[in-house]
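I have placed the structure first, in the form of structure tokens, so that the comments after it can refer back to it.
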Amino acid sequence: MNPEIGLRVLKKLELSEKIEPTLENLQMIYLQWCRNVPFDNFWKRLHLNNNRFSEQKQINANVFFDIWLTHGLGGTCWVTSNALFHLLKFLGYNIHFITGSMGDIEGTNHGSIIVLLNKKQYMVDTSMLNEEPISLKEKKNSSHSLHPINILLSGGEMSLLFELCNSKNKMTWTITSNEVGFDKIEHLNQISMITSLFNDCVYIRKNSKDAIYSIIGNTFYIKTADKTAQEVLGNKEIEKKLKEVMGFSEEIVEHISKTYLFAIPEQSALLELTKL
């Protein structure tokens, strides 16, 4: 990771340039990540629809962070996991990638990272964005009011049960590979350009202290610990939310507005999965 970009990232996350690789600091870094880096499919879908804003690839962590710093975009699991991996490595943490299956879809479709501290494994996931590192060795559930996590064991495999960003409906993700290298992550990212659930319509989520904000298709959701409010938006309203709520730049929103990215497909597995 480019040290200059690393320092810029820490500054934007409001973190000190001198962070020791401790559990307390990991908790702080992950919390700031969850509240500042969205999980979204915009850069990916721009490439899929041949409306590239840039020819560069997000799977390069330096590129990912430059895009985020400049335009506020995040990414899907492979590129966000890789970016957080390199940020934590830059800060001296001992980490590795893991992969598994999200939901009831067969095959490997999700990547995450494990941080090793004091002989314990802590998962920091850039898709669930649950704000608290999960201790896998202790198999400790999280009772967070907005981001609860339950750890399940079955047949030697470990799964995490978590809530969707726009409802109390739950999904599992099962860990099937305990340690993989970057080559595998890069390969699976390429496969996801064809097979991912996040390829067919707008999807973005971003946390705040008391809520999860998301846009799925053309619907804007605000989920709190008690309820979820929803509002169907027109294209101009989506553009406004991207800038004012999600933190996207004027430049990237103007580019997106000239594409077909706001279109709603007749059939969408993602919309079906997340409908209330």
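The values are calculated or read from the model by the stated rules, or taken from the named source; none is laboratory data. The structure displayed is predicted, hence computed values, not measured ones. Every residue, glycine among them, receives a Cβ derived from its backbone with ideal geometry; neighbour counts consider all protein chains shown. With ligands, DNA and RNA removed, areas are computed over all heavy atoms of the protein, side chains included. Shrake-Rupley method; radii C 1.70, N 1.55, O 1.52, S 1.80 Å.
A few notes on this one:
- Look at (1) at pLDDT 95 or above; (2) open to solvent by less than 20 Å² (accessible area, probe 1.4 Å); (3) closer than 27 Å to Ile105 by Cβ and you find that Gln230 fails only one, number (2).
- Just one residue in the set Glu20, Glu55 is open to solvent by 50 Å² or more (accessible area, probe 1.4 Å), closer than 28 Å to Gln121 by Cα and of a type in the set (Asp, Glu); that residue is Glu20.
- The residue that is surrounded by the fewest Cβ atoms within 10 Å (Cβ to Cβ), counting only those in region 247-276 that are of a type in the set (Asp, Glu) and part of a helix (DSSP H, G or I), is Glu272.
- Test: residue in region 33-49 that is open to solvent by 20 Å² or more (accessible area, probe 1.4 Å) and of a type in the set (Asp, Glu): no
- Residue list for region 155-207, filter: within 27 Å of Leu276 (Cα to Cα) and of a type in the set (Ser, Thr, Tyr): Ser159, Ser167, Thr172, Thr174, Ser192, Thr195, Ser196, Tyr203
- Residues that are among the small types (Gly, Ala, Ser) and crowded, with 24+ Cβ neighbours inside 10 Å, drawn from region 82-100: Ala83
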